[in-house]
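Data first, discussion second: the structure below is written as structure tokens.
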Amino acid sequence: MIANCPIKTAKFNYDSIFEARIEELKREGRYRYFLDVNKSAQHFPKFFYADQRGDKKSAINWCSNDYLCMSVHEEVISKLSYAAHRSGAGSSGTRNISGTTNFHRELENTLAELHEKESALLFNGAYLANLTAISTLGKILPNCAILSDERNHASIIEGVKASGCEKFVFHHNDLGHLQQILAQVEISRPKIIVFESVYSMNGNISPIAEIVKLAKQYNALTYIDEVHAVGLYGERGAGLASTLAVKDQVDVINGTLAKGYGVIGGYIAAKQSIIDTVRSFGSGFIFTTSLPPAVCSAANRSIQILMTDKTIRPRYWEKVLEFRAFLNENGIKFLPNHSHITSVPIGDSQRCKKISDRLLKEFEIYIQPINYPTVQRGEECLRITLTMRHETRDMFYLAKSLKTVLNESA
Ligand SMILES: Cc1ncc(COP(=O)(O)O)c(C=O)c1O
């Protein structure tokens, strides 16, 4: 028999804690309302949705990361469908326990070849790849110090936390500050510099060659997140590091199969000893069911297409320039950068949400507002992503509509 609880104090009110936190988000205009996008491979970037009254509506998606439209590429879809019929819907096992198929192996070989590294390792997403690889390497290297750019993605921040290592945060893309920190850490101590090639929200590109040079000088490893660069940059889509003379000296490359490649999954590519270490000790790799074989097959095809078709990237860059010219013509200020990501600063979460709502309701334009903690407070923005299927008329219409809404909300 269970004895009556002798404690007479008031019971803890769980609901009040959760509700208060959610209320706070709503008050600040940071509550995340999802739009149920009824995606159409045929009509992308146009999609369909039901508004609050249940009425059927359509809009143009301006915030998808399917930059090159590989998620709707016929050959990629065919591979997915063919391999699913051949191998089933899922792998039903961790990599170690029956979850490694020939599709996983082939994809890892392709990734190693793409990045000209000895080996590659697949994860269920690049978030998990960052979290697992950074924490594992940080735990294995004795007394390791991790130097991390202040604008690094949440998955990197979580990886650094989970490593238990001493962390040094350097100012965004600031080589002087990075060097200052490097000089403070004993040269004999293991160090990892973690940074991104294209920062996802402001679109800034990092000084990769200079960071690698500093790393060599101070005997540090380099770990680069190329999530927003793979597929889009480089002769074969291998990312920004691949365009540089120092490409062989970048120790670990992290990438996704979900954005430029349009499917799902993440990976790291590095020398065999690093890959084998993460494969053997990384909890987020070992203890989870592997990607479905069909997904691997589709991602492999997507990479192969972007490795061999040299016409896609130049056509995409032409579009980026054309789009930015329309924004300039309409006086719309966006953050200056040399990447494909166009961020229009708003600087206030409530206003950001209002603008986004109005664009959707009145102009059939979908741009999700970007608020804290995805960006720092005061840096709320509209992050606009162009895809291969956006036409000149779409760009023109977006620029005109943005001009109207921004002016009226000033
Ligand atoms: C810079 C960066 N790294 C990692 C990730 C995680 O990638 P994935 O969606 O494959 O988990 C993202 C995704 O948004 C990202 O922007």
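The values are calculated or read from the model by the stated rules, or taken from the named source; none is laboratory data. Nothing here was measured: the structure is a model prediction, and the numbers come from that model. Virtual Cβ from ideal backbone geometry, glycine too; neighbours counted across all protein chains shown. With ligands, DNA and RNA removed, areas are computed over all heavy atoms of the protein, side chains included. Shrake-Rupley method; radii C 1.70, N 1.55, O 1.52, S 1.80 Å.
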*Keeping all protein chains in position, work out how much accessible area ASP248 exposes to a 1.4 Å probe, and write it in Å² to the nearest 10.*
120
*asked:* Need one word for the range 178-330: rounded, prolate or oblate. Basis is the Cα gyration tensor (sqrt eigenvalues a ≥ b ≥ c); a/c below 1.5 gives rounded, then a/b vs b/c decides.
replied: oblate
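Taking all protein chains as present, what is the carbon and sulfur share of the accessible area of the range 74-308, in % to the nearest whole number, probe 1.4 Å?
On the way: 4780 of 9250 Å².
In the range 74-308, the share of accessible area belonging to carbon and sulfur is 52 percent.
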*Using only C-alpha atoms and all pairs of different ones, pull out the Kirkwood radius for the range 118-250 in Å with one decimal.*
14.9
*Once you wrap a convex hull around the alpha carbon atoms of the chain, what is its projected area averaged over all directions, in nm²?*
26.0
*Karplus-derived HN-Hα couplings along the range 199-211 (A = 6.51, B = -1.76, C = 1.60, θ = phi - 60°), whole Hz, x at Gly and Pro*: 6, 5, 9, 9, x, 5, 9, 8, x, 4, 4, 5, 5
*Ignoring ligands, DNA and RNA, what accessible area per residue does the chain give at 1.4 Å, in Å²?*
49
*asked:* Run lengths n ≥ 4 of DSSP H only: what is the helix-derived mean residue ellipticity at 222 nm for the chain, with -39500 (n - 2.57) per run over all residues, to the nearest 500?
replied: -13000 deg cm²/dmol
*asked:* Please give me the summed charge of the neighbours of ASP51: other residues whose Cβ is under 9 Å from its Cβ, Lys and Arg +1, Asp and Glu -1.
replied: +3
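According to the Cα gyration tensor, what semi-axes, each the square root of 5 times an eigenvalue, does the equivalent ellipsoid of the range 339-407 have, listed from largest to smallest in whole Å?
Semi-axes, largest first: 20, 15, 9 Å.
If you take every DSSP beta bridge whose two residues both sit in the chain, what share of them, in percent to the nearest 5, is antiparallel? Numbers along the way, then the final one.
Values: 24 of 43 bridges.
Here the share of antiparallel DSSP bridges comes out near 55 percent.
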*When DSSP beta bridges are limited to those with both residues in the range 74-308, what percentage is antiparallel, rounded to the nearest 5?*
40
*Neighbourhood net charge (11 Å Cβ-Cβ; Lys/Arg +1, Asp/Glu -1) for ALA229*: -2
*How long are the semi-axes of the ellipsoid equivalent to the range 74-308, from square roots of 5 times the Cα gyration tensor eigenvalues, in whole Å, largest first?*
31, 19, 14
*Formal net charge of residues neighbouring THR392 (Cβ-Cβ distance under 9 Å; K, R +1; D, E -1)*: -1
_Quick check: the distance between the Cα centres of the range 319-365 and the range 210-224, to the nearest angstrom?_
35
*Quick one: compute the contact order of the chain, relative version, from alpha carbon pairs under 8 angstrom and 6+ residues apart, as a percent.*
21
